[in-house]
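Just below is one structure, and these are the notes that go with it.
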Amino acid sequence: MQLYLSDSAAVADAADLIARHGTDAEFEAAALANKSRDIGNHLRFCRWRQIERLIILLGCDEAVGTVH
């Protein structure tokens, strides 16, 4: 899984979603992405999708994307 974060605010938004929604944070990020897509805001859609991926990666118990 590749992850691109344009700024540290994305990490802060991920942390906020985790604090407010717990294990459902990734679903909330997906809902925000879908809402952005539905109103035609492709930049916010991409941003929330990346935040969703970050939340998923933070929840992994194993290293992801490395061979070391």
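Each reported figure results from applying straightforward, stated rules to the coordinates on display, with no laboratory input. Note that this is a predicted model, so its numbers are computed, not measured. Ideal geometry is used to build each Cβ from the backbone, glycine not excepted, and the neighbour counts take in all protein chains shown.
Quick look at the numbers
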| read-out | value |
| --- | --- |
| Size of charge dipole - the chain - debye, nearest 20, with Cβ of Lys, Arg +1 and Asp, Glu -1, no other charges | 320 |
| For the chain, with +1 on Lys and Arg beta carbons and -1 on Asp and Glu, the positive-most of A63, Y4, I18 along the dipole | Y4 |
| Reduced Cα scattering model of the chain, Debye log10 I(q)/I(0), q = 0.17, 0.20, 0.22 Å⁻¹ | -0.59, -0.78, -0.92 |
| Trypsin sites (Lys or Arg not before Pro) within region 2-52: DSSP coil, no more than 15 neighbouring Cβ in 10 Å | none |
| Of the chymotrypsin sites (Phe, Trp or Tyr not before Pro) in the chain, those whose Cβ has at most 14 other Cβ within 10 Å and which sit in DSSP loop | Y4 |
| The chain, relative contact order in percent, only Cα pairs under 8 angstrom and at least six apart counted | 36 |
| Distance in nm between pseudo-label sites at R20 and N34 (7 Å out along the Cβ direction from Cα) | 1.8 |
| Calculated FRET value between A9 and A63, using beta carbons and R₀ = 25 Å, to 0.05 | 0.45 |
